[in-house]
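**Q** There's a structure below that I have some questions on.
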Amino acid sequence: MRIKMFTILSFVVVVLYAFTNITTHQSKSIFKPPSNFPEPVYNFEQNPVTRAGFELGRYLFYDTRLSGNAKISCGFCHIQSDAFTQHGHIVSHGINNRTGIRNAPPVMNLAWATSFMLDGRAATLDKQALIPITGHVEMDGSIDTIIARLQPDKAYRSMFKKAFGSSTITEQNILKALSQFMLMCISANSKYDKVMRHEGETFTEDEAAGYEVFKRTCNGCHKEPLFTDYSFRNNGFNIVSTEDKGVFNITHDSADMYKFKVPSLRNLVYTAPYMHNGQLYQFKSIIPQYRFYIENNPNLDTLLMHKGRRGFDMTNKEAEQLEAFLQTLNDSSFVNNSALSEPDMQYKADIF
């Protein structure tokens, strides 16, 4: 009897030990915020970024089976070499070359974002991916179809098992895995970052002067170190489309007319065209636009008024210096990080 009881207790101990190891392995986060960044706002307790979850999300991000016709992926509109935006179009093109009305924003530093999409329609990152996946113009897919396509795939069953403890593919775990990949799309290795972290880099005279111009003119909306405050503002650009009224389309509040999310100024060299509708195609057009061509739109942001006139007050020299500073926000390591690149879609069992 004692031997039998000892055997049973030993078995229970072994099972509990194995379960503890699995749980610890799955919940050990690989997300490390840069030292010069604030605390992230994403809820990592509900979805810790693990190696297995991140890799699964990476495969899903680049898998065309997430679209209705199984021909385009999330990476189709969010191209790594363009800082995860879509280059070559004023506004983004989706499934069957359907044309949207907005320029795809970059997938970058999303752990600090307080809402998602250019009009803030998604409150959480874990729900955001559903909008483009099921959107008629974007990917025109359905979760039920995606699960039906992926569940028979032995490789995916194995990856979901390693990431979430179950080989049954669910909507929740698809979205969590995609979030884990996007959370790791961190851009924090520009010259600016190295200067701020005292890693041996220093600003040139023009860059340093441009930094002061930036703090005087741009920092009200483009807060350091993320270079956005994630607010929604009317930036006084020409109203190209009366169909897209920004946040107003969501809230139907006249105070939100033509307000869009403030974009980050990081990686501008890679993310043309600029603005929510791709209105500006050249980097050198951005500063002149804000100096000379601000329209008196309804709800124009008050920060764009200076000394009784619309637009930023600066000299031509200061504009050149500001441009030099903005160039220090480009992060070549981000757009060349192989860990974020499209994987070999032929799954390898030893990837973890």
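The values are calculated or read from the model by the stated rules, or taken from the named source; none is laboratory data. Bear in mind the structure is a predicted one, so any value in this text is a computation, not a measurement. Neighbour counts are summed over all protein chains in view; Cβ atoms, including those assigned to glycine, are modelled from backbone coordinates with ideal geometry. Surface accessibility is based on the protein's heavy atoms, side chains included, excluding ligands, DNA and RNA. Shrake-Rupley method; radii C 1.70, N 1.55, O 1.52, S 1.80 Å.
**Q** Would you be able to say whether some residue in the stretch 161-173 is closer than 22 Å to A113 by Cβ, open to solvent by less than 60 Å² (accessible area, probe 1.4 Å) and assigned to a helix (DSSP H, G or I)?
**A** Yes: the stretch 161-173 contains one or more residues that are closer than 22 Å to A113 by Cβ, open to solvent by less than 60 Å² (accessible area, probe 1.4 Å) and assigned to a helix (DSSP H, G or I).
**Q** In the stretch 89-103, what residues are closer than 12 Å to A272 by Cα and open to solvent by less than 50 Å² (accessible area, probe 1.4 Å)?
**A** Across the stretch 89-103, the qualifying residues are V91, S92, N103.
**Q** Here is a further query. Go through (1) surrounded by fewer than 20 Cβ atoms within 10 Å (Cβ to Cβ); (2) in a loop (DSSP other than H, G, I, E, B); (3) of a type outside the set (F, W, Y) for M139 and report which single condition fails.
**A** (1)
**Q** Which residues, taken from the stretch 61-74, are assigned to a helix (DSSP H, G or I) and buried (at least 20 other Cβ atoms within 10 Å of the Cβ)?
**A** Selection gives F61, L66, C74.
**Q** Output the residues belonging to the stretch 249-258 that are buried (at least 18 other Cβ atoms within 10 Å of the Cβ) and assigned to a helix (DSSP H, G or I).
**A** Answer for the stretch 249-258, where residues must be buried (at least 18 other Cβ atoms within 10 Å of the Cβ) and assigned to a helix (DSSP H, G or I): just D256.
**Q** Within the stretch 259-273, how many residues turn out to be of a type outside the set (V, I, T), touching a helix residue (DSSP H, G or I) at 6+ places or on another chain (Cβ under 9 Å) and not in a strand (DSSP E or B)?
**A** Matching residues across the stretch 259-273 total 6.
**Q** Something else now. Being open to solvent by 10 Å² or more (accessible area, probe 1.4 Å), among the hydroxyl-bearing types (S, T, Y) and under 16 Å from the mean Cα position of the chain (by Cα) is true for just one of T85, T114. Which residue is that?
**A** Selected residue: T114, the only one of T85, T114 that is open to solvent by 10 Å² or more (accessible area, probe 1.4 Å), among the hydroxyl-bearing types (S, T, Y) and under 16 Å from the mean Cα position of the chain (by Cα).
**Q** Would you say N297 is closer than 19 Å to S231 by Cα, modelled with pLDDT under 95, of a type outside the set (S, T, Y) and open to solvent by less than 40 Å² (accessible area, probe 1.4 Å)?
**A** So N297 fits the description; yes.
**Q** Now a separate question. Got a sec? Which of T302, T315 is closer than 24 Å to M257 by Cβ, open to solvent by 20 Å² or more (accessible area, probe 1.4 Å) and of a type in the set (S, T, Y)?
**A** On inspection, the qualifying residue turns out to be T302.
Yes or no, residue by residue, for (1) among the β-branched types (V, I, T); (2) open to solvent by less than 30 Å² (accessible area, probe 1.4 Å):
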position: K127; (1), (2): no, no
position: R149; (1), (2): no, no
position: C185; (1), (2): no, yes
position: T204; (1), (2): yes, no
position: A208; (1), (2): no, no
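**Q** Considering only the stretch 27-60, how many residues are of a type outside the set (D, E, K, R), farther than 21 Å from A123 by Cβ and not in a loop (DSSP other than H, G, I, E, B)?
**A** Residues in the stretch 27-60 being of a type outside the set (D, E, K, R), farther than 21 Å from A123 by Cβ and not in a loop (DSSP other than H, G, I, E, B): 7 in total.
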